[in-house]
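The values are calculated or read from the model by the stated rules, or taken from the named source; none is laboratory data. Treat the numbers as computed from the prediction; the structure is a model and nothing was measured. Here the Cβ is made from the backbone with ideal geometry for all residues, glycine too, and neighbour counts use every protein chain on show.
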Amino acid sequence: MEQAKALLGLLLLVPALAAEPLRDSLREELLLSPLPSGDLAATFQFRTRWDSDLQREGVSHYRLFPKALGQLISKYSVRELHLSLTQGFWRTRSWGQPYLQAPAGAELWVWFQDSVADVDKAWKDLSNILSGIFCASLNFIDSTNTVTPTASFKPLGLANATDHHFLRYAVLPREVVCTENLTPWKKLLPCSSKAGLAVLLKAERLFHSSYHSQAVHIRPICRDGACLTSSWELRQTLTVVFDSFATGQGKKDWSLFKIFSRTLTEACPLASQSKIYVDISSKGQENELLEVTPAPQSVHEASVQGNRRTYAVYDLLDPGLFNVSRSLNVQLKWKRPQDSLDLAAPVLHAQRYVSGYGLQTGEISTLVYNTHPYRAFPVLLLETVPWYLRLYIHTLTIITKGKENKPSYIHYQPAQDRRRPHLLEMLIQLPANSVTKITIQFERALLKWTEYTPDPNHGFYVSPSVLSALVPSIIAMKEEDEELSPLFASLFPSSDGSSYFVRLYTEPLLVNLPTPDFSMPYNVICLTCTVVAVCYGSFYNLLTRTFHVEEPSRGGLAKRLANIIRKMRGVPPL
Amino acid sequence: MAASAGVTGAVDAAEKARGKYAALSFATIAVVVGLPLWWKTTATDRASLPYSEIANLDTLEFQLTVPISVVFAKGTLPGDQERKLPFRESQEAETPLNPKTSVTAHYQISYRRATPQEEQALSQVSGQDDVVLPAQEAPAGSLTIFVIPPGSHLLPQVATMYIGKHRSAIIRAPGGTADVLAVVRTKIQQVTRVMSFSAESITGALSDRIPILHLGTEWKRPFKSSLGYEITFSLLNPDPKTHDVHWDIEGAIRRYVEPLLNKLRSVAEISVDSQILYYAALGVTPRFDASSSSYILGAHSLPHVINPVEARLGSSAASLFPVLNFLLYVPERLHSPLYIQDKDGAAVSTNAFHSPRWGGIMVYNVEPEAANETSFPRRVDVDMVRVMEVFLAQLRLLFGILPVPLPEDALLESFGNEGLSAWELDRLLWARTVENVATVATTLTSLAQLLEKISNIVIQEDVASQVFHAVESAQKALLDLGLGHLESAFQASKEAVMSSERAFFDPSLLHLLYFPDDQKFAIYIPLFLPMAVPILLSLVKILREARQSKKDSTKMD
């Protein structure tokens, strides 16, 4: 203590603290969109932006950016990290195109810096640490479910080189997502769940839903328009689809309090932007169908995913919002009951199923729909199939409108037993207004008895296939500044005004494998031993016993019995 | 008929003999080939370990040798004593701790005259504060003590002892006594107690091996010896709506923490980072004290403060080293000013406390706002000098660098901006080396016990080689301690810790082959019972016949 004081005494001439500009910022946003089916999708996005170089070694100082993730990025030289944990399946047919879809279960894809020497080891360590941070079973990611796609997953942020050797992609379709994954995710938010939009994140409501998907996206972005230096962006997104029929007793009206059982009282004081968007697009009808209260402060028109949409905007940082009432409870009421709300099918959607009978062979079929009336476009399809389904690549057929459709790019990496999965990537041209059917046959392999899961009769999951496409939009979109546009529209870069990027996931498949009787090993041991013992016994007897001819004696019990019976019948005895 | 009976008898006898041989050869093959084969194929793969050497390590007798050279300036010793120079002597002090642990301090003192250069440096007259010690390069762990004449002006007149920031000290020889050497000896003892290890520091380092009864509370405060540490400074701002707190942590770390850490980096790997946590509140509601119109956090409620905060701190993602947490808590406006009270109810002057082996917490009260200041949030710039003064003191305590009671009339050289004097580092090294060796002994002993107890654990070659390396390094560390080579002893002890931990936590040890005995029987019985029973029966039969024929032949005789 004395010494420390002496030391500090020497160094009392401390320069005045320079008021430097804040180098990190937080934007938060909630998008509420009523879905055509009557459900309600709520998408939270929290964006933490940090104008700092995380790759630098040495002391690191964190303010809004979470320390745990920052340390990961610098230790493992991560360029981009995308992790999503999803419960349920986004039904593209009835819910429309999602802003950000994720496959059921856990999905992790990481781009490493090209300075990483051993990418596989870094990937393994990284997934183990992420598994600890998010309480998820990401530690089950190993070489049997990791692939390196060549074309489907391009970096979303700044990238000079796109050498796909530094990319790793894995999906765990079996992962169950629950509160224990949400709590660490909430802890990464600067305001935790104490203020701002995060107040609404109440686990018991969020998991009482048809679809729950939480994600973390880290990527480098341009610091300014000139893009000479890079910043780091952490996006935490959470998408929930509430089943309004189940929660609202058949009514489609909703309010914040009804769905989250909380209302908003303040913005996160650290956020530079805090907004709620409500999708009030009237879908071409003249008269308004719905009404939001309180009256929105402004209305934002944007073209999102090829559609023109209208959003009512509430800015929580605007002091006028809380002047009238102390809390904000956004409500939406439908003016007329609308039963015949037919949904225009999304331009691109897909489904997948497994067919065949018996436990030996089967067939995976994928149907990809292009409902655009006059434009054809290519789609990148990525299939990852575990090694225990042995794909017969010669049976791959792609049929569109009754004719064979040859893919213009195909990349196939066959599986190696217990080492790596099948990877199939294809670029397929989808003609306008068409259905393309892709089928491939497979044979089910027999596993070793320790390789079966604890409930093998449940079946084995096959991760969903991924479709990535630049979908031509029906209307013309105008270029928007990324910093100003709402967060939900800005994760995927849109190349130009005429098309937009879509990534879709199909359903995960559940395949039954031939399952043995698990008491079999013991039975086999017992049977073999018995057979060996019997053979050995007779052999031994043959070799060691001495045989001699026995004089016929009075006979055994059988003979005596026979004689008694003969006597009774009056027949001479033997 | 009789002939044919004889023939059949002969054939029978031959047949019987053949059967006997067949049964015997079966038994032989089963014993010679079958048993070893079965033994070999079902045995677990266990590499041999140095069990006896590990058992030897269980009894630790530390020999700590401190080389001390005492340099006499001209005119310090009376003539007859000076003639004896140079000469050597050694002193020993044994501290038996328990039957299995003992520490022997071994001071090798060599007395000599000052060289001309040293003489020149020692005869200078220096100012009040800066005493120029003769330049010297002493290896870690050793000490050089200069004895100057009573009338020398090198030291201020009041001081009789001066402890430098390197590994040297100055003693003023007493005036007016005949036996200068005897007085010097007692002074040397005082100096070594300050500059080298003391019985207490070594006992503290061995606290795992000795019952706690012997010790005070000091022993459990420092962090356990580890290969690395992570220091995290966290600013807790529970009320970002009213306080916009800024701290120049980057500059503070560069200015105050780094110099100290640069010294400590030879002991362990240390990384530093900082974070700001919002809405992170203490788990205790402070009590309002009307008399001072402030809020009070009593000493009894401090233990409850840490747990709720810790959930937000986040574990370190990038390494497995222990984390030292330093929290700066800016209380919310509702609860400010907030003061920490000690057990007697007096306010703690630093407004901070530390938790053993965890870190420290400091409460930083914001100046009450002026009446005209109403806009929120208020910008608060943290005075980092005040904060770092507390955190550095806590950091030294947690590292086990305790302030040493100085003898009277002693002066201490300031360590300047290096943060730590060389002898303080030596004290730390002594304690850490002893602690490391003790840890290795404990780890290896328990590993050996575990492996001996559970015979199904597979011991792979690399685990065995780690164990061998750990044992060798620990022995080398003990040897080096005895020779007074502190630096190499510390390195060896570090290696020993690393290897022993790697062996202990090797995942291959967990692949325990679990074959309970009842299941083994269930598998062996269907195979072995039908095979063994005929062999045994025929052996019994052969034996009985042999005995019978022997009896017959004796009867015949």
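The figures follow:
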item: Condition broken by A:GLN45, with the remaining ones in (1) at pLDDT 85 or above; (2) within 14 Å of another protein chain (Cβ to nearest Cβ) satisfied; result: (2)
item: Residues of the range B:296-326 satisfying the condition of being among the aromatic types (Phe, Trp, Tyr) and either over 13 Å from B:PHE233 (Cα atoms) or within 12 Å of chain A (Cβ to nearest Cβ) (or both); result: B:PHE321
item: Hey, B:VAL366 within 11 Å of chain A (Cβ to nearest Cβ), over 30 Å from A:PHE134 (Cα atoms) and either modelled with pLDDT of 85 or more or part of a helix (DSSP H, G or I) (or both) or not; result: no
item: Residue within the range B:242-254 that is more than 12 Å from chain A (Cβ to nearest Cβ), aliphatic (A, V, I, L, M) and in contact with a strand residue (DSSP E or B) (Cβ under 9 Å, 6 or more places away or on another chain) present; result: no
item: Filtered residues of the range B:193-211 (kept if among the acidic types (Asp, Glu) and over 13 Å from the mean Cα position of the chain (by Cα)); result: B:GLU200
item: Qualifying positions in the range A:139-157 - closer than 29 Å to A:SER231 by Cβ and free of Cβ contacts under 8 Å to residues at least 40 places away in the same chain; result: A:ILE141, A:LYS154
item: Residues being over 20 Å from the mean Cα position of the chain (by Cα) and away from chain B (no Cβ under 14 Å) - total across the range A:146-190; result: 9
item: Cβ pairs under 6 Å, 6+ apart, first in the range B:159-178 and closer than 30 Å to B:GLY419 by Cα and in the same structural domain as B:VAL71 (by TED's automatic domain parsing), second modelled with pLDDT under 80 and not in a loop (DSSP other than H, G, I, E, B); result: B:ALA159/B:LEU411; B:MET161/B:ALA410; B:TYR162/B:LEU411; B:ILE163/B:LEU412
item: Residue in the range A:505-519 that is surrounded by the most Cβ atoms within 10 Å (Cβ to Cβ), counting only those that are of a type outside the set (Val, Ile, Thr) and outside any loop (DSSP other than H, G, I, E, B); result: A:TYR505
item: Unique residue being buried (at least 18 other Cβ atoms within 10 Å of the Cβ) and among the β-branched types (Val, Ile, Thr) when the list is A:THR179, A:THR146; result: A:THR146
item: Selection status of B:LYS16, away from chain A (no Cβ under 11 Å) and part of a helix (DSSP H, G or I); result: no
item: Members of the range A:495-517 that are more than 26 Å from A:THR92 (Cα to Cα) and in contact with a Pro (Cβ under 8 Å, 6 or more places away or on another chain); result: A:LEU513, A:THR515
item: Complete set of residues in the range B:267-289 that are more than 19 Å from B:LEU328 (Cβ to Cβ), of a type in the set (A, V, I, L, M, F, W, C) and either over 32 Å from the mean Cα position of the chain (by Cα) or at the interface with chain A (Cβ under 7 Å from one of its Cβ atoms) (or both); result: B:PHE288
item: Any chance B:GLN449 is part of a helix (DSSP H, G or I) and either on the phi > 0 side of the Ramachandran plot or touching an Asp or Glu at 6+ places or on another chain (Cβ under 9 Å) (or both); result: no
item: Whichever residue in the range A:58-84 is assigned to a strand (DSSP E or B) and facing chain B (nearest Cβ under 7 Å) and, among such residues, is surrounded by the most Cβ atoms within 10 Å (Cβ to Cβ); result: A:TYR62
item: Elements of type strands (runs of 3 or more DSSP E) in the range A:402-454, at least 1 residues being over 18 Å from A:GLU383 (Cα atoms) and in contact with a Lys or Arg (Cβ under 6 Å, 6 or more places away or on another chain); result: A:434-444
item: Test: B:VAL404 is out of contact with any strand residue (DSSP E or B) (no Cβ under 6 Å at 6 or more places or on another chain), of a type in the set (A, V, I, L, M, F, W, C) and crowded, with 18+ Cβ neighbours inside 10 Å; result: no
item: Some residue of the range B:351-360 being of a type in the set (A, V, I, L, M, F, W, C), buried (at least 19 other Cβ atoms within 10 Å of the Cβ) and within 12 Å of another protein chain (Cβ to nearest Cβ); result: yes
item: Checking A:VAL379 against (1) among the aliphatic types (A, V, I, L, M); (2) closer than 30 Å to A:THR144 by Cα; (3) surrounded by fewer than 20 Cβ atoms within 10 Å (Cβ to Cβ), the condition it does not meet; result: (3)
item: Residues that are surrounded by 14 or more Cβ atoms within 10 Å (Cβ to Cβ) and not in a strand (DSSP E or B), drawn from the range B:274-297; result: B:TYR279, B:ALA280, B:ALA281, B:LEU282, B:GLY283, B:VAL284, B:PRO286
item: Close pairs (6 angstrom Cβ cut-off, 6 or more residues apart or separate chains): in contact (Cβ under 8 Å) with a residue 12 or more places away in the chain in the range B:59-83, among the aromatic types (Phe, Trp, Tyr) anywhere; result: B:VAL66/B:TYR107; B:ILE68/B:TYR107; B:VAL70/B:TYR111; B:VAL71/B:PHE146
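Residue-wise test of (1) more than 14 Å from every other protein chain (Cβ to nearest Cβ); (2) of a type in the set (Lys, Arg); (3) touching a Lys or Arg at 6+ places or on another chain (Cβ under 8 Å).
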site	(1), (2), (3)
B:LYS187	yes, yes, no
B:ARG193	yes, yes, no
B:SER201	yes, no, yes
B:SER207	yes, no, yes
B:SER225	yes, no, yes
B:GLU258	no, no, no
B:LEU261	no, no, no
B:ARG265	no, yes, no
B:SER291	yes, no, no
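Residues are listed down the side, and each one gets a yes or a no for (1) modelled with pLDDT under 90; (2) in contact with a Gly (Cβ under 8 Å, 6 or more places away or on another chain); (3) of a type in the set (Phe, Trp, Tyr); (4) in the same structural domain as A:LEU256 (by TED's automatic domain parsing):
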residue: A:ARG27; (1), (2), (3), (4): no, no, no, yes
residue: A:GLY38; (1), (2), (3), (4): yes, no, no, yes
residue: A:SER52; (1), (2), (3), (4): yes, no, no, yes
residue: A:GLU57; (1), (2), (3), (4): yes, no, no, yes
residue: A:SER60; (1), (2), (3), (4): yes, yes, no, yes
residue: A:GLU80; (1), (2), (3), (4): no, yes, no, yes
residue: A:LEU83; (1), (2), (3), (4): no, no, no, yes
residue: A:PRO103; (1), (2), (3), (4): no, no, no, yes
residue: A:PHE134; (1), (2), (3), (4): no, no, yes, yes
